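Let me begin by presenting the structure, written as structure tokens, before commenting on it.
Every number here is computed from the coordinates shown, using simple stated rules; none is lab data. What you see is a predicted model, and the numbers here were worked out from it, not measured in a lab. Cβ coordinates were reconstructed from backbone atoms using ideal geometry, including for glycine residues, and neighbour counts include every protein chain displayed.
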Amino acid sequence: MTTQNAGKAEPAPAEGATIENLLREERTFPPPAGFASRALITDPAILEQASTEEGFRAFWDAEGKRLEWMEPYGELYTWDLPYAKWFIGGKLNVSVNCLDRHVDAGHGDRVAYHWEAEPGETRAITYRELLEETCRLANALRSLGVRKGDRVAIYMPMIPELPVAMLACARIGAAHSVVFGGFSSEALAGRIDDAQCVALITADGGYRKGAAVNLKANADEALRRSPSVKHSVVVRRTGQEVEWSEGRDHWYHELIADQPATAAPEPMDSEDLLYLLYTSGTTAKPKGIMHTTGGYLAGVAATHRYIFDIHDEDVYWCMADIGWVTGHSYIVYGPLANGTTGIIYEGAIDYPDKDRWAQIAAKYHATILYTAPTAIRALMKYGADAFARDDLSSLRLLGSVGEPINPEAWAWYWKYIGGERCPVVDTWWQTETGMIMITPLPGITTLKPGSATFPFPGVKADVVDESGTPVPLGGGGYLVLERPWPAMLRGIYGDPERYQETYWSRYPGRYFAGDGCKRDDEGYYWLLGRVDDVMNVSGHRISTTEVESALVSHPAVAEAAVVGRTDPVTGQAIFCYVILRSGNEPSDALSAELREHVAGAIGKLARPKQIMFTPDLPKTRSGKIMRRLLRDIAEQRSLGDVTTLADESVVEAIRGQSGKDED
Ligand code: 7RM
């Protein structure tokens, strides 16, 4: 096998390998001794133990037993492909597990969330307060006729009432469907309609970079088209002028004012629907991913606890928006199930000051930060001096999620934010998986920058080629999962065929994640981006991730996005969008240098055809680069669906640049 070389010669496509393995990263970081000595998991044998069916069952049974059940479960799980059920016959309520349980154990005064608003207000909400507010809203929803089995849409900014709304739904057995506050009325209407939601919980507005967003106006527009919603509950956040529909609209504060602070929790079957969360397909209509009760809660609680190594005194800050799955699993359900003290921040992390995030981390003595590579690269662009005045010495663990993290960003995160003492957990998972699946365990795993390392205990993953044959270590292919896991999706709402087709038909019996992946000779997993993004240059299947990582390892480059563009000679040619670090100017010389740099770092076959310098990149609200749009721009086509694009002006800014063909 010759695919291990660092690209000095052009390797032929390796047998069975469907995606080239080009980038080589040699740095390793064992767990810092001070960290490992008090970590929750210190024995590497757990990975081996949980790999057998017996060990896997023992692991999840123990995690299931940590939860509070109204009726105990019998069988641990059943697997009637492609449908798993977990904790069979058990009854529980998620809000009880997230709230009552901790208050009953004497932790009512513990802070559940430190809330920090962009304009500067703050609130500390204890577990007792969160429980009482949840019960008031649960009662209010019941008074409006919302019942077990109904669906409730939530369209809110990052304010404490958002987790309250989710928990209140969970308390009464209604499934919530949270729609990002940044989405349009059209996106909201489509999602409400698909789920036939009976109620909507929203706010008058929210703040983002100093401006008030018109949530209520968007919601009103959506409700004109979505007649299933009979009641709309509105939090007064900004105080802005709103239209009012008598009988349908209710102020949150008025509605809960007279409600009792206790509410009987609905006993839910372990397999009852907890929530829907819509993920946008590239062109087709968004999929309502279904998550249920017992397995989901056990899955997110266990992964949160062991991967973030949660101790009682931790102050944990996941910087995601609650409107995407990271917020559901790792701001709300996992952390609350574990009785963790967390931070919720409403605004942009670099507003009004570049170091706003660091001021917040310092103020609350955050011990754990969990964010996305896109945020890390944005902070890199500002440079470490931007937060030199903030004391980040309380930090002890860092996490990354959402995209492959390029080794340079990883190393910067480790060095400048973590002060070279905090393990960095690069966590791979999806809306569909519900919980983290591939990840370091920070007390035992030797880290490699850019690798999500190994499957979580009990997770059975593999990397396969087109035909489904496992690719040997050292090669790249497609990531599959081979055994059910408790937090896995239970389907796509209203569309069982699409569920079967999207995830289970390509490799019968195995879950197809849609991501490229390679393993190195020590078995470390390296995620290579979405398979739709893989480029085909002269028959070599090259991951955009590896070319982007190579570009970002050049000192002039802050961020890069790479796509394949149709090429008459090579099929596709590598087209790179590059954002420069401040102090660097676009030039033909720099363009040539970057192309050489990539060729030198990962091989001549990956030498870019074209570099386009650009001020910005199109991203989703959760920070993922929309390579599909970049392909459209590179091919000079009209753009496809742009509803999930965070900032539409970016596309025009890019189109205004010129890119010159090389060669
Ligand atoms: C949690 C989340 C899922 C997709 C997934 C990947 C990519 C997420 C990583 C990652 C490499 C990671 N859910 N992805 N985490 N790629 N390394 N650590 O992001 O449903 O919104 O997206 O995100 O492509 O399939 S998601």
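Dipole magnitude for the chain: about 180 debye, using +1 per Lys or Arg Cβ and -1 per Asp or Glu Cβ, origin at the Cα centre.
Ordering His365, His291, His540 from the fewest to the most neighbouring beta carbons within 10 Å gives His365, His540, His291. Other residues whose C-beta falls under 10 angstrom from the C-beta of Arg483 contribute a net charge of 0, scoring Lys and Arg +1 and Asp and Glu -1.
Applying 0.36 nm per residue to the separation of Leu639 and Asp588 and subtracting their alpha-carbon distance, the gain on full extension is 15.6 nm. If R0 equals 41 Å, the separation of the Cβ atoms of Ala388 and Ala45 corresponds to a calculated FRET efficiency of about 0.45.
Charged side chains reduced to their Cβ positions (Lys and Arg at +1, Asp and Glu at -1) give region 67-169 a dipole of some 360 debye around its Cα centre.
Based on DSSP, what percent of beta bridges with both residues in the chain are antiparallel, to the nearest 5? Percent antiparallel among DSSP bridges in the chain is about 60.
Counting every other Cβ atom within 10 Å of each residue's Cβ, Met166, Met70 order from fewest to most as Met70, Met166. Note on Lys381: lysines with a C-alpha under 27 Å away, same-chain residues under 8 apart excluded, are Lys209, Lys354, Lys363, Lys415, Lys448, Lys609, Lys619, Lys624, Lys660. Using +1 at the Cβ of each Lys and Arg and -1 at the Cβ of each Asp and Glu in the chain, identify which of Pro44, Pro265, Gly383 lies farthest towards the dipole's positive end. Farthest along the dipole direction, towards plus: Pro265. Please give the Cα centre distance for region 162-184 versus region 413-439, rounded to the nearest Å. Value for the Cα centre distance between the two parts: 26 Å. Backbone phi angles across region 184-190, fed through the Karplus curve with coefficients 6.51, -1.76 and 1.60 (θ = phi - 60°), yield HN-Hα couplings of 6, 4, 5, 4, 5, 4, x Hz in residue order; Gly and Pro are listed as x. A dipole drawn for region 95-247 from +1 and -1 charges on Cβ atoms has a positive end, and of Ile201, Val234, Ala211 the residue lying farthest that way is Ile201.
Expressed to the nearest 5 percent, the antiparallel share of DSSP beta bridges inside region 319-475 is 30 percent. Taking amide H as placed 1.01 Å from N in the peptide plane, Gly347 has its amide H under 5 Å from the amide H of Glu118, each at least 5 places away in sequence or on another chain.
The residues neighbouring Arg631, those whose beta-carbon lies less than 9 Å from its own, together hold a net charge of +1 under the Lys/Arg +1, Asp/Glu -1 convention.
With the helix formula -39500 (n - 2.57) applied to DSSP H stretches of n ≥ 4, the chain reaches a computed 222 nm mean residue ellipticity of -7000 deg cm²/dmol. Zone of Thr52 (label point 7 Å along Cα→Cβ, backbone N under 15 Å): which residues in region 447-467? Hits in region 447-467 for Thr52 at 15 Å: 458.
Measuring spread by the Cα atoms of the chain yields a radius of gyration and Dmax of 24.2, 74 Å. Other residues whose C-beta falls under 13 angstrom from the C-beta of Tyr127 contribute a net charge of -4, scoring Lys and Arg +1 and Asp and Glu -1. Peptides 483-489, 253-259 ordered by packing proxy, namely the average of other Cβ atoms within 10 Å per residue, highest first: 483-489, 253-259. Name the residues whose placed amide hydrogens come within less than 5 Å of the amide hydrogen of Ile201, ignoring near sequence neighbours (fewer than 5 apart) on the same chain. For Ile201, the qualifying residues are Ala153, Ile154, Tyr155, Val233. The phi torsions of region 76-93, fed into the Karplus equation with coefficients 6.51, -1.76 and 1.60 and a -60° offset, translate into couplings of 5, 7, 10, 9, 10, 2, x, 10, 9, 10, 10, 6, 4, x, x, 10, 7, 10 Hz, rounded to whole numbers, with Gly and Pro shown as x. An oblate overall shape is assigned to region 95-177, the ratio a/c of its alpha-carbon gyration tensor axes (a ≥ b ≥ c) being 1.5 or greater and a/b not exceeding b/c.
Shown in residue order for region 600-615 are the 3J(HN,Hα) couplings computed by the Karplus curve 6.51 cos²θ - 1.76 cosθ + 1.60 at θ = phi - 60°: x, 6, 10, x, 5, 5, 9, 5, x, 7, 9, 10, 10, 7, 9, x Hz (x for Gly and Pro). Subtracting the Cα-Cα distance of Asp104 and Lys209 from 0.36 nm times their residue separation leaves 33.8 nm of extension gain.
In summary, the lysines within cross-link reach of Lys604, defined as a Cα separation below 18 angstrom excluding same-chain residues under 8 places away, comprise Lys8.
Only one residue of His365, Ile574, Pro423 has its Cα farthest out toward the positive end of the dipole of the chain, where Lys and Arg carry +1 and Asp and Glu -1 on Cβ, and that residue is Ile574. Of all lysines in the structure, the ones whose alpha carbon falls short of 20 Å from that of Lys65, not counting any fewer than 8 places away in one chain, are Lys85, Lys91. Subtracting the Cα-Cα distance of Glu466 and Glu221 from 0.36 nm times their residue separation leaves 83.7 nm of extension gain. Amide H to amide H distances under 5 Å link Lys619 with Met626, Ala646, Asp647, where only residues 5 or more positions off or on other chains count and H is placed in the peptide plane.
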